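Working notes, beginning with the structure itself.
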Amino acid sequence: MIRWLTRQPKRLAREEGQAALEFVLILPFFILFLLLLVDFALLGFSYVSVANAAREGARYGAVNCGADACTPALITDRVIERSSGIVSDPASVTVSWPDGTDRGDPVAISIEQDYNFLFFPASIPVASCSEMRLEQREAGAPSGGSGC
C-alpha cells in the first residue's frame, strides 16, 4: 500500500486541547446538576421535617390533651419545636378536632409551608397532615372544624 495515502497530516492528528475543551463544555452542566441535587436534598429534608412535626403534634394532642390542659396554641408550639426549624410561622399550622373532643375522636394537624430553593428563583409548597385519635377527654378544646 502506498504510505502517503494512509498517513494523516501532522496538524490533523494533534489532540492536546480536546480534553480541556470537553471539560469546559461539560462543567456548567455538572455544576447545575450538583446545585439541583443539593436543592432537592434540602427539599426532601424539609418535607420529612414537616411530616414529622405534624405527626408529633397530633401525637401530643392525642395523648396529652385532657381536662382543659390543651389548647391549639400548645399543640402549635409543639409542632414548631419539633420541626427542626423548618416551620417558624404559627399561621402555617392548623389544629382542629373535626368530630368533637370525646375519647376516640380525631385531632388533626395540618401544615402548609413553602420551600424556597437556594440556587433557583422558585418555591414549592410543602404540606403534611396527620390525624390521631384522642386518648383522653378534652373538655377545653373547640369542637367541630375540618380534618385532614
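Nothing in this text is a laboratory measurement; each read-out follows from the coordinates by a stated rule. What you see is a predicted model; the values in this text were computed from it and never measured. In this analysis, Cβ positions are derived from the backbone assuming ideal geometry, glycine residues included, and neighbour counts consider all displayed protein chains.
Data for the structure
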{"read-out": "Long-range Cα-Cα pairs in the stretch 20-133 (distance over 23 Å), rounded percent", "value": "41"}
{"read-out": "Exposure proxy ranking, count of Cβ atoms within 10 Å, fewest first, for I31, I111", "value": "I31, I111"}
{"read-out": "Footprinting exposure proxy for D39, D114 (fewest neighbouring C-beta atoms within 10 Å first)", "value": "D114, D39"}
{"read-out": "Net dipole in debye of the stretch 20-133 [+1 Lys, Arg Cβ; -1 Asp, Glu Cβ; about Cα centre; nearest 20]", "value": "240"}
